[in-house]
Amino acid sequence: MTCSQDISSDIIILGKQKMTQAFVNLGLDFDYKIEPQQRALHSAQSGASDGVCGRPFNLSTFEDTTNLIRVEAPIVAGGTIGVWSANKGKTLKDFFINSVTPNYPVGYLKGNLITKNLLESFGTTKTIALRTVSSGVKMTLAGRISYFVGDRFTVEPIIIENNLKLYYLGDIKNLNYYPYLNIKKSHLAEPLARELKLLKPIELPSSSNK
C-alpha cells in the first residue's frame, strides 16, 4: 500500500503497526511505501499498489475513487486540520483576516486537495504547496510563510518532539482517516474493517504551544 505523510510521525508509525497487526490477524503480510499524496492515490487507483493507507471519509467528494473501495473502519479517528503560526499573539481570527491578503502567505502539504479546497473556500490569496510537513514547519519558523495549515496528527508530533516555538491557533476541519483498497482487493475490505475495529484506536497527541 502507499502512504503519503512524513514517516517520522508517531501517528504514522502507530498506524503502520495497527495495519500490520490487522493483516497478520488475517494471515497476510502488510508493507507500504511513502509517496507524495497525489502519486500515492494514483498508485492505488491504477493498481500499482493495493491501496492507500489513510484518506478522509469523504474522499470521493473531491477525488476520483472509481477504482477504490473504502475500508469502513478509520485508521485514525478524531483527526483535524489545524493552523499554526510562529507568532504567539496570533489567533484563528487573525488567520482568517490575514489570509485573504497577499502579505500573509499560507503553506500546506502539496497534493492535499481537501486543505487546498478549504483555503480556496476561505478566499486565501497566497498559498504555497510544500513537499513535506517538516518543510512547512521550518518555513513557518523562519518567517517565510505566515501560517501553516495541515493535519494535526502529523504536525503536532514534529513540534512536540523538537520543542519548537510554533503556536497552534485552532482547527478548521474535523476528519477521520480510512484505508482505501484497489477494487482488485475488494474482498479484503470487510475482514480488514472487522480486524481494525478490534484494535486500540489511535489517539492524537496533546496540543502543542497555544
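Computed from the coordinates by the stated procedures, all read-outs in this text should not be read as laboratory data. Keep in mind it's a predicted model, so treat the numbers as computed, not measured. Cβ: placed from backbone, ideal geometry, glycine included. Neighbour counts: every protein chain shown.
Odds and ends about this structure:
- The order of Leu92, Leu198, going from fewest to most other C-beta atoms within 10 Å of their C-beta, is Leu198, Leu92.
- Counted over the chain, the DSSP beta bridges are approximately 65% antiparallel.
- Taking amide H as placed 1.01 Å from N in the peptide plane, the amide H of Gly170 sits under 5 Å from that of Val83, each at least 5 places away or on another chain.
- Acute angle (nearest 10 degrees) that the helix 37-46 long axis makes with the longest principal axis of the chain, alpha-carbon atoms: 20 degrees
- Scattering from the chain was approximated by placing one identical point on each alpha carbon and applying the Debye formula without solvent; log10 I(q)/I(0) at 0.08, 0.14 1/Å stands at -0.28, -0.81.
- Counting beta carbons within 10 Å around each of Leu113, Leu188 and listing the fewest first gives the order Leu113, Leu188.
- Estimated dipole of the chain in Debye, rounded to 20 [Cβ of Lys and Arg +1, of Asp and Glu -1, Cα centre]: 540 debye
- Sequence-ordered 3J(HN,Hα) estimates for the range 98-104 from the Karplus curve with 6.51, -1.76 and 1.60 and θ = phi - 60° stand at 5, 5, 8, 10, x, 7, 10 Hz, glycine and proline given as x.
- Scanning the chain for GluC sites (Glu not before Pro) lying in DSSP loops with no more than 15 further Cβ atoms inside 10 Å, the longest uninterrupted stretch between such sites is 73-202.
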